[in-house]
Every structure is written in structure tokens, then in C-alpha cells.
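The values are calculated or read from the model by the stated rules, or taken from the named source; none is laboratory data. As the structure is a computational prediction, the values presented were derived from the model and not from experiment. For neighbour counting, all protein chains shown are included, and Cβ atoms are generated from backbone atoms with ideal geometry for every residue, glycine included. Just the protein is used for accessible areas: all its heavy atoms, side chains included, with ligands, DNA and RNA removed. Shrake-Rupley method; radii C 1.70, N 1.55, O 1.52, S 1.80 Å.
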Amino acid sequence: MKIAIIGSGIAGLTASHLLQKTGHEVHLFESQTKIGMSAHTIDIASPHNGLSVCGDVPSRMFNGALWPSVLELYQSLGLKITTIDATQSYRRGDEISALQFQMPFQWTNGILKTAGSSLLALAHSVGVGEAASVGSLSRDFGKQRPISEQRAKFLSEINRLRDQGLRDLRTLGPDMPFQEYLDRNRFSSEFCDTFLFPALSSTVCTCSHEAISNYPAVILLEAMQHITGAQPLCRVEQGARLVSERLTENVNVKLATPVRDVEQGRDSVTLTATGKRFAYDHVIIATQANQAASVCLRLPDFEASILKGFQYEDVDVVVHTDDRFMPLRKNQWSVFNFSASSQNHESMCTVWMNQFHTNWQDEAMTQPIFQTIRPIHDVESGKMIRKAKLQRPLVDCRSWNLWQQLRKIHRQPNRRIWFCGSYAMPGIPLLESAVESAKEISNAISNVQEQP
Ligand SMILES: Cc1cc2nc3c(=O)[nH]c(=O)nc-3n(C[C@H](O)[C@H](O)[C@H](O)COP(=O)(O)OP(=O)(O)OC[C@H]3O[C@@H](n4cnc5c(N)ncnc54)[C@H](O)[C@@H]3O)c2cc1C
């Protein structure tokens, strides 16, 4: 069959790869001049030898527990996976000392099963038992003093959240917002504002603290079992550009080609781009949901309203050399440095790119380069390298209905237009949900073909 895919984020790339592998003719349309997945990847010249190093923006991470399909896909592409030294520092306002932790947190082994509902498709078994120790110091922070009371308190609250969260997953309904869960179970605002919300808001979910409050508790509790488990955080050593290259092998890629309209006929779909019309057997719209409505101008009202139901927040990411974003004491600099505002409920995370990309050290990139996600203050003049404005889908208790309706749309007979992306699967919109969505749609198209 002849299949068009619109959008070359990880979802569109994965769908292209899977469908071309099963013998279909795939055309991949991307409005930007570069493949979407690696569109913001940057090259920075080393002041030492002029050679350039390559850094992903945003710095995307995964582990084998929460991202099994991503890991499987990357391994099947022969990509080298490397673990990240996930040291973390946390501070609030102008605090001089930062609290430091090392991921993954340590847990004793045991077998318990979580009880996520089948709708969630989240009910993986997790190898988790009694939590013995939670976290360890990455460096001997504050050598003169014993472990701070604050740190001990945070560790005990992480421990409780994880332990109790695992038990509550069996009974919690899908509709309890995360903030309500935290309030009911009396987690302290100090722990939430300085540690928990910054960690979720500027890395895992990249959205405001308010949006984190509204997440369904079950989704975050489930994800936390996997993120804080024994699996190390990883990245693709050669970065997103190589992922993009591998996934587009044998795919006909049309860059700088925004699709202006898609319309389903009886036996085909007509796609309009660069003023021309093309006919396909199937079209996969792998843009974000809020872009999909402008790609399909004549969608039935019901479908348009589902897509419009997915809400988004802007996410700024800046790459810079401004070390005011880092802990004041250099010996507390970690790979991930969280900083919460003391005035409002916002926070940011600054990734120390030289430590994140361990290969930069081989290239003698000695100048510290930082990447800040959701910056809460400006970068000092002259220290900005790159700014990117991204978007992230929001998830709240209304999302269940949208996910269900989307599934229903895809089950319609003679379906030829498909919606695919990280927003489309239940859970946190991550690389994993994008890959899962691409697998689901590719299978659905293959099944349509097999039907007599
Ligand atoms: C700051 C930040 C950090 C993140 N970190 C992580 C992480 O560490 N781990 C993780 O798993 N996830 C992370 N994520 C989430 C993850 O990056 C996304 O979930 C994923 O990249 C979304 O992929 P997608 O293919 O669904 O959509 P997108 O990547 O948004 O792709 C959609 C594509 O469609 C194209 N397009 C739009 N309109 C048209 C048109 N009319 N014609 C043609 N093309 C069009 C766009 O240009 C774009 O390339 C992060 C997200 C952000 C914002």
C-alpha cells in the first residue's frame, strides 16, 4: 500500500520505519527543514580545539522499565545505549546548599504486582518489594555535618510515596488528581515544592506545577514505580540525529513540506502539500493533536472536538553558559540541577550538558554548557547559545475520555486517516507513548489490509 505519514517526531518516524519494513511504500512529510525528532539538536564548537560536539535539545532519556518499547526499538536499530550518571541537586530560591541524590534509588528485591486498569495499559509487573533504603548521596555533601534533617525527611517521604503508591494503585480510581492524593495522604508542602514537583515538572512531565497537580494520581504513581526503580536512566550515545537517520532508512522523506489538507474519499485519501494533491491508501497524522486539526480541515465535528480536547503548554528550553542556574557551590553541581522558586510554585531543571554527554569529555569540551528546561529567570546577556520553544500535552482526569474516544475513531470501518503521537496513548506523553501509538496504528493498518 501507499502510505503518507505527516510529522517526523518519534511517532511519525517509528510508524514510517515499521510500515516500510513490512513492504509498504511510505512517504514522510515534515513541515520543518530538519527531521522533527532532532530538529533542535545543536553543534557547539569546542574553544579548546575548534572541533564541534553535538548535543540533543531537549536531552531525552529513558529506562528499560517505563520505556520498554523505546529500548526494544533502539536496540533493533543497533543504536548504542549508554547510561546517564543521574546525580541530582535540589534547592529553593537562593539557598546556598543544595540537596543531592543519586538515581536510581536503591530498593530491595521482591515481587509485587501493580493493579493498573486495562484501560490504562499501565499494569506492568514491577519488581519491587519492601523499600530498604531510598537514595544515596552522590557526593559527600556538607562533609562537616551529618545528613541534613531535610534530606532525611525527603528520603522518608519518597519512600512512603513509592511504597504507599504501589499499594494504592490497586484501589485508586482513575479520577483522583495528584494534588488531592498528596493532600489526603499528608505529604508535606516542603517535600512537594522543593523535590517532588520540580522533579516531575521540569523533567518527566515538563509542565507547570499546576498541571502536575491535575494529573491523575494513578498515572504518576505508576510511573514513579518505574522511574525510581533499579533501572538506570539511559540515552542514545550518538543522540537523536542518529535515531532519525536509522528510522528513515528506505523512507521517502519530504522536508520543508507542510501538509495543508487531508481528505478521506471512498477508496483513498487525498493529501495536499506544496499546492499539489496526492492520493494515498492511508494517511497517518503524526503531528501533535493541536496541529492535527489544521492538517485535516474537513474533519467530522466529533473528531475535531476530540483533537481539540487535548490541551498543551509551552515549554522553553535554553542552552547557555550562565552558571547562575547551577548550585552556588561548584562541588554540588550535579548532572540534573533542580531549582524551585521561593515566590511561586514554579521550578526549572538545568542539565550540565558536559556531564550528560560523557563523550564531550573525550572531545575536550571543557567550557561548562548548560541546558535549562522551563527557566524561571533570564539567561545573562551574551551567555545564550540556543532557545527552543516546545510544547507538551497536558494530562488530567478528562484525558481518559479523549483516549477512549480516539480508540473508537480508529475502530471505524473503512478508516483511512489515523492519529498518532505521544498524546494519543494513556499515560505521560513520553517517547514510549509515541512509539506505542505508532505500533498500534501500524498494526491497525496492516490488519485492515488483511481483511478480505
Ligand atoms: C523539554 C522536553 C523534554 C522531554 N524529555 C523527554 C525525555 O527525556 N524522555 C521522553 O521519553 N520524552 C521526553 N519528552 C517528550 C517527548 O519528547 C515527546 O513526547 C515526543 O518527542 C513527541 O513525539 P511525537 O512524534 O508525538 O510529536 P512531535 O515530536 O511533536 O512531532 C510532530 C511533528 O509534526 C510536524 N508537523 C506539524 N504540523 C505539520 C504539517 N502540517 N505538515 C508536516 N509536518 C508537520 C512537526 O514539525 C513535528 O516534527 C520531552 C519533551 C519536552 C518538551
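Within segment 31-69, the set of residues being over 30 Å from residue 229 (Cα atoms), within 13 Å of the ligand (Cβ to nearest atom) and either open to solvent by less than 10 Å² (accessible area, probe 1.4 Å) or without any contact (Cβ under 8 Å) to a residue 40 or more places away in the chain (or both) comprises 36, 39.
The set of residues from segment 8-30 being more than 17 Å from the chain's Cα centre (by Cα), part of a loop (DSSP other than H, G, I, E, B) and within 10 Å of the ligand (Cβ to nearest atom) comprises just one member, 30. Checked against the criterion of being touching a strand residue (DSSP E or B) at 6+ places or on another chain (Cβ under 6 Å) and over 29 Å from residue 402 (Cα atoms), segment 146-156 contains one or more residues that satisfy it.
Taking segment 247-359 and the helices (runs of 4 or more DSSP H) fully enclosed by it, the elements with 3 or more residues that are outside the structural domain of residue 369 (by TED's automatic domain parsing) and within 26 Å of residue 435 (Cβ to Cβ) are at 289-295, 301-309. Scanning segment 326-347 for residues that are more than 14 Å from the ligand (Cβ to nearest atom), farther than 30 Å from residue 102 by Cβ, surrounded by fewer than 21 Cβ atoms within 10 Å (Cβ to Cβ) and of a type in the set (Asp, Glu) turns up nothing. All of (1) touching a Lys or Arg at 6+ places or on another chain (Cβ under 9 Å); (2) of a type in the set (S, T, N, Q); (3) in contact (Cβ under 8 Å) with a residue 60 or more places away in the chain hold for residue 231 with one exception: (1). Answer with yes or no whether residue 398 is open to solvent by 70 Å² or more (accessible area, probe 1.4 Å) and more than 27 Å from residue 314 (Cα to Cα). No: the conditions fail for residue 398.
Within segment 412-437, can you find the residues that are assigned to a loop (DSSP other than H, G, I, E, B), within 12 Å of residue 14 (Cα to Cα) and near the ligand (Cβ under 7 Å from one of its atoms)?
Keep residues of segment 412-437 that are assigned to a loop (DSSP other than H, G, I, E, B), which gives 412-416, 420-421, 425-430.
Then drop every residue that is not within 12 Å of residue 14 (Cα to Cα), which leaves 420-421.
421 - this is the single residue of segment 412-437 that is assigned to a loop (DSSP other than H, G, I, E, B), within 12 Å of residue 14 (Cα to Cα) and near the ligand (Cβ under 7 Å from one of its atoms).
Of the numbered criteria (1) outside any loop (DSSP other than H, G, I, E, B); (2) outside the structural domain of residue 253 (by TED's automatic domain parsing); (3) open to solvent by 10 Å² or more (accessible area, probe 1.4 Å), the one residue 101 fails is (3).
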